[in-house]
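Notes to accompany the following structure.
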Amino acid sequence: MSTVFFSVSPPSPSFPPQFHFKSFKHLSPLKTTLKRPLLSTTTRSSLHVDPLESDPPLPPSVRTFWKWLAEEGVVSSTCPVPRRLWINPDTVAASEIGYRCADLKPWVAVYLFLIREKMRGNLPWRFYIDILPERTDSTLYWSEEELAEIKGTLLLRMTREMKEHVESQHHKVKEEIMSRHEQQFPSSITLDGFLWAFIMPKSRALSHLRGQLVMLPLVDLINHSASITREDNAEEINGPAGLFSWDLLFCLKSTMPVKEGEQVVIQYGLKKSNADLAFYYGFVEPNTNRDSYTLTFNISELDPFHREKLDIAAANDLGETAYFDIFMDRPLPPAILPYLRLVALQEADAFLLEPVYRKSIWKTLELPVSHVNEELVCKMVIDACESALSGYRTTVEQDEKLIQEGNLGYKLEIAVTVRVGEKRVLQQIEGIVKEKEAQLDKLEYYHERRLKELGLVGEEDETYCQPKKDSIPTL
């Protein structure tokens, strides 16, 4: 096992885990892996990097970046990255604009810090920022013509919503901070610049065991590989961070054997769908286990039992709107059917919402409640799938033919892979539920189960007027 050590920062607020799309701005933007891997191993499992001796030579900015790392003591047998070179919310708080950003969300403050440093071009960040790509293949950078290829997909919705979010945050920062403190903030921080500052940490920041995200020069060049099937590639240990200093070190491990000279790679996230990979990093995998679709359901505000249903959902970590990620060839999420049965409860079954049933209601909802309720659940899911499938511009068969013919452009390949994957999952869900719908008359519902529990139904389903003698508790 190969191990590389990097310093880590003290704990700060927890953020959703993001992973990193690795490229230099001077290398081809259409490739998601480095043509010249910078991180590889030696027979002693230490870090072996020698870009200054590469043939053909690397771009001047990369060579300068490497020299800077060497001068900062990063290029060594243990590769500690000093705290002064990390970029995270703590970095912003300690900077000269920290007090200006105190009321911003932590990572919005990082966006502002990054674009400001890019515009200023000052040390110590200049050499690092100079090698960051100007653009990535994230769908945030796709043209309207390119986005048309993912019409109907969740990826398109995600892209549109995130663009609106970035625009609103840029407007907020511009109005509340930049315009009021023009001496500290260049007037040329545009929406495009702010978008760049948004996607860099989203695609490059590395999370460690404390749940914090941090951008680490050199470390964030680690590439992804589908061959890595584990995510336990990092841990924290105490170790030497310099000649006379001791600190927490970020330990990056290869989870599989690496031969001498091979590139060190990691897994960006086993739970990420192809839509996630396309959005954050600008690539997809051909594996069907990355195919996913998120079904969304909600408790209507017009529901006469809205408050009761909302309380029950909240008690089970769900809300008025619930999102269920469903992957190809995997079982439905355990909570989806109880939630839908809750949503579908009507007058005849509303007694289950009474306080006396609250402690056991979710367990009750894990099994069919009534024929009417289960029929409505099936209808809700089937309608959702058919509605989603009607929004795509192509069929599964048309997309499969395009993939078989090959010669797709890079972005079109991403688009086709994502949209066909979503449609396959939707068809899978619809097939499962239609099969269930066909068996509704054969299911056992709440009243039948309850009668059996009370001993009022015999082995041949005959119904007794009173409990059998052996079912009556002895005093």
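A few points about this structure:
- Test for W86: is it more than 30 Å from V418 (Cα to Cα), at pLDDT below 90 and of a type in the set (F, W, Y): yes
- Listed conditions (1) in contact with a helix residue (DSSP H, G or I) (Cβ under 7 Å, 6 or more places away or on another chain); (2) farther than 24 Å from Y293 by Cα; (3) of a type in the set (D, E, K, R) are all met by E375, apart from (2).
- Per the listing G211, G152, the residue uniquely of a type outside the set (K, R), on the phi > 0 side of the Ramachandran plot and modelled with pLDDT of 85 or more is G152.
- Among all residues of region 233-240, there is none that is modelled with pLDDT of 80 or more and either under 18 Å from the mean Cα position of the chain (by Cα) or not acidic (D, E) (or both).
- Residues that are in contact with a Leu (Cβ under 9 Å, 6 or more places away or on another chain), open to solvent by less than 20 Å² (accessible area, probe 1.4 Å) and part of a helix (DSSP H, G or I), drawn from region 346-373: L352, L353, I361, L365, N373
- Filtered residues of region 376-397 (kept if part of a helix (DSSP H, G or I) and surrounded by fewer than 13 Cβ atoms within 10 Å (Cβ to Cβ)): D383, E386, S387, E397
- When K452, K401, K434, K442 are checked against the criterion of being among the charged types (D, E, K, R) and closer than 23 Å to A335 by Cβ, K434 stands alone in meeting it.
This table checks each residue for (1) of a type in the set (G, A, S); (2) within 30 Å of T394 (Cβ to Cβ); (3) open to solvent by 60 Å² or more (accessible area, probe 1.4 Å).
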position	(1), (2), (3)
Y111	no, no, no
L114	no, no, no
F127	no, no, no
L140	no, yes, no
S143	yes, yes, no
Q169	no, no, no
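- Among residues of region 398-420 being more than 18 Å from S138 (Cβ to Cβ) and open to solvent by less than 20 Å² (accessible area, probe 1.4 Å), the one that is farthest from the chain's Cα centre (by Cα) is D399.
- The residue that is nearest to V425 (Cα to Cα), among those in region 314-345 that are β-branched (V, I, T) and open to solvent by less than 40 Å² (accessible area, probe 1.4 Å), is I326.
- Residue satisfying all of: in region 298-308; outside any loop (DSSP other than H, G, I, E, B) and surrounded by fewer than 20 Cβ atoms within 10 Å (Cβ to Cβ); nearest to the chain's Cα centre (by Cα) among these: N298
The values are calculated or read from the model by the stated rules, or taken from the named source; none is laboratory data. Because the structure is predicted, anything quoted here is derived from the model rather than measured. In this analysis, Cβ positions are derived from the backbone assuming ideal geometry, glycine residues included, and neighbour counts consider all displayed protein chains. SASA here: full protein model, heavy atoms, side chains in, ligands and nucleic acids out. Shrake-Rupley method; radii C 1.70, N 1.55, O 1.52, S 1.80 Å.
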